[in-house]
1. Confirm whether residue B:123 is touching a residue at least 24 places away in the same chain (Cβ under 8 Å) and over 20 Å from the mean Cα position of the chain (by Cα).
2. Check off (1) without any contact (Cβ under 8 Å) to a residue 24 or more places away in the chain; (2) part of a strand (DSSP E or B) for residue B:248 and give me the number that stays unchecked.
3. Looking at B:139, B:128, B:107, B:148 in this structure, which one is over 30 Å from residue B:330 (Cα atoms), surrounded by 18 or more Cβ atoms within 10 Å (Cβ to Cβ) and modelled with pLDDT of 95 or more?
4. Please find, among B:113, B:100, the residue that is under 20 Å from residue B:219 (Cβ atoms) and not assigned by TED's automatic domain parsing to the domain that holds residue B:375.
5. Would you mind telling me which numbered condition in (1) surrounded by 12 or more Cβ atoms within 10 Å (Cβ to Cβ); (2) touching a residue at least 12 places away in the same chain (Cβ under 8 Å) residue A:35 fails?
6. Considering each of B:206, B:224 in turn, give the residue that is part of a strand (DSSP E or B) and assigned by TED's automatic domain parsing to the domain that holds residue B:262.
7. How many of the residues making up the stretch B:1-56 are at pLDDT 95 or above and in a loop (DSSP other than H, G, I, E, B)?
8. Within the stretch A:1-112, which helices (runs of 4 or more DSSP H) (wholly inside it) include 3 or more residues that are away from every other protein chain (no Cβ under 14 Å) and out of contact with any strand residue (DSSP E or B) (no Cβ under 7 Å at 6 or more places or on another chain)?
């Protein structure tokens, strides 16, 4: 599935929630179920420094596709990470680098990706795209 | 010493009506504002005074011969008079307008460092200081090859005074401590700290940012050398604060910044400086800020600081009792003497998560390290959720908080 198809699927899922609590309960559930990152990637090199919650991100190339794994010490941040991974993992580097992540705003989580929200998520998205750019060169070599 | 008229009868609902912002909503819910330790809301009288100043009195101060400039100067200097009264300082010359506590501490650390710090000297701070009472001293120490020493914090969030006694020595040149901890709420025994330091002729600077909104401060009774606080935490505007310094120190210290206002005579060979307090007020000051701060301090004194303190003590003890009834909730900072600040954590829940759920419920609390990273390291935690109460908070606010934390606990665990 393309990045936009996955985003549209998430938007459709979120449309079922009648209030913020159901939405956050779902995000927390996603956070709990996020596959664990390999411990060796939970180091300073993979740490994206947000002011409050810390985020670790690792990217691997599997054939032509990028696979992301990530973690955070805050569960809501982990839930949003799970959504970002759903959308951006197993995509080509070019698609990742040029992705427009409109689903965040549509499902009402825009504030979590605001530069003033000290949770590391915005830096994570930037880092995912940078991985996309860097790995694009690698694939094309 | 309170020199204002008799405190008016305290009625929290009439107090709340004086703070327009409290009628706002957040995330579609009525706002429950529990972050006054970061910055308090502003009463109508402060907003009106600032508005009136810009509409009717504004001109640059201390300069013009014309009437308007004189009126602006009077309005600005009125702020200083009120601040003198608020701190019970002996003289207006001892009251310096600064941007806030941070600038006050930087001013003292920089100028005191230049004059008195030498290699091998020591400056003592405490383990519960805000970064703004650590970093300026660290900078001064590293510049003059002096050493920063730290009073340890005990498990209940109080300072280890025995250790403090041992830290004081012939090389100690300054003791800089908070009056009240912004993270734990601990009220430090600053009178005792000042006495111990003075026994060895060491001056003391007190960071009063968290004390000014809650306590009666008498700099003469404390015999403190320097005392600083910020306007915005005491119901006044941002960008204005007060540095109190004993005249003998302020006269001795070199100027902090150069510019207009702070000079007596300038030639290219030599400049002489203005008298106190203007020596430390280079450039056009925050005139409207001083006007607003004066109004805020008058509001606090008219409401009555003992009345405010007793209202907040009631809120603190109610909140402590209610929060501790939540399974798995731990309070950080259990000093017997506390201001109305509560830091807590729920089991293993990250403070960011708790804060996010509370935000959805319209409850404004602070989460994170509260600019006290060494203190968080001391307790081995990444941060806390902090609720802090001001004059306008009610037991209903606390009921909302407790219900919100229970909701967060059920969702996040």
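1. Answer is yes for this residue.
2. (2)
3. None of the other options fit; the residue is B:107.
4. B:100
5. Condition not satisfied by residue A:35: (1).
6. One residue alone meets the criteria, B:206.
7. The qualifying residues number 13.
8. Helices (runs of 4 or more DSSP H) meeting the threshold: A:3-14, A:75-88, A:93-97, A:103-106.
The values are calculated or read from the model by the stated rules, or taken from the named source; none is laboratory data. Computed from a prediction, not measured in an experiment: that's the story for all the values here. Counting neighbours? That spans all protein chains shown, and the Cβs are built from the backbone with ideal geometry, glycine included.
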